1. Please go through the stretch 62-90 and pick out each residue that is part of a loop (DSSP other than H, G, I, E, B) and either at pLDDT below 95 or under 25 Å from Asp30 (Cβ atoms) (or both).
2. Looking at the stretch 60-85, which of the residues that are buried (at least 20 other Cβ atoms within 10 Å of the Cβ) and free of Cβ contacts under 8 Å to residues at least 40 places away in the same chain is nearest to Leu127 (Cα to Cα)?
3. Looking at Tyr140, Tyr107, which is the one that is open to solvent by less than 40 Å² (accessible area, probe 1.4 Å) and either of a type in the set (Gly, Ala, Ser) or not in a helix (DSSP H, G or I) (or both)?
4. Return the pair list, or none, for Cβ contacts closer than 6 Å from residues in the stretch 179-191 that are under 9 Å from Met57 (Cα atoms) and touching a residue at least 60 places away in the same chain (Cβ under 8 Å) to residues that are open to solvent by 60 Å² or more (accessible area, probe 1.4 Å) and not in a helix (DSSP H, G or I), at least 6 apart or on different chains.
5. When the stretch 117-133 is examined, which residues are found to be in contact with a strand residue (DSSP E or B) (Cβ under 8 Å, 6 or more places away or on another chain) and open to solvent by 30 Å² or more (accessible area, probe 1.4 Å)?
6. Mind listing whichever residues of the stretch 143-156 are open to solvent by 60 Å² or more (accessible area, probe 1.4 Å) and in a loop (DSSP other than H, G, I, E, B)?
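The values are calculated or read from the model by the stated rules, or taken from the named source; none is laboratory data. The structure presented is a predicted model; accordingly, all values stated were derived computationally and were not measured. Note that we place each Cβ from the backbone using ideal geometry, even for glycine, and neighbour counts take in every protein chain shown. The accessibility values were calculated without ligands, DNA or RNA, using every heavy atom of the protein model including side chains. Shrake-Rupley method; radii C 1.70, N 1.55, O 1.52, S 1.80 Å.
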Amino acid sequence: KLIHTSEKQIQRGILSNGLKYAIYPVDTRDDRIYATLNIDFGDEKSLFNQAQTIEFMTYLLLRGSEKYNLQDIMDKSIELDGKAVTHNTRNSISINISAKKENFAEYFQFIVDVIKNPSFDQKEFDLLKSQSLQNLDRPYTEPDVVTELTLSKLIEQYEEGDLRYHFDPDLVKRQVQKITNDDVKALYKKFFAMNNAQVAITGQVQDINALQLVENNFINWNNTEKFAPVLPRYEA
């Protein structure tokens, strides 16, 4: 009964470009509003050998834009008591955004502006590449790690380069060594759009026009690239 009542309160819909939204007004103990933006893109063929490029793009999205450098983004987050983090799973990127209810609309708009115009700063890219190679440059001799890597290799069903291929330190190291910042920019330019995205906003949204916020930021952000989820195939 409670689930049914809550479901009736959720405002759902699809924008003309295909983005799906869900807005759920509910009181939160911390007086914050939360949003999750999921961006789906590409398919197993168009993103073959792109796993590490996607990882780099995901991380660098919030490290600077054409108008704001990293320090600006950090300062704005402190000023508005906001938080934004990114992570990715295969061909999907999630961005979690939260702020105090009185600051949410401004902070949400700010973060969207950043991800619409990322700078992919060369210094940030070089630092990420260096740190990634440093983290990979270890022996991987712990018994539990060796066991996991060995089992993953034994039951592997995808070819090397597939987004679902198991974690192989040597392969990842080779891929990271080859990545350039231009590769990251090209991936973003080709695939990053909102026509295969979903956004959910929850919290005390009564004082903001959440739907208008979604429409203003996303309705004209499209591309024509094919999307199909890259999902694990079950094999007995």
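1. Passing the criteria: Leu62, Leu80, Asp81, Gly82.
2. Ala84
3. Working: Tyr107 fails: either of a type in the set (Gly, Ala, Ser) or not in a helix (DSSP H, G or I) (or both).
Within the list Tyr140, Tyr107, the selection yields Tyr140.
4. So the pair list comes out empty.
5. Kept after step one, since they are in contact with a strand residue (DSSP E or B) (Cβ under 8 Å, 6 or more places away or on another chain), are these residues of the stretch 117-133: 117-119.
Result: Asn117, Ser119.
6. Ile155
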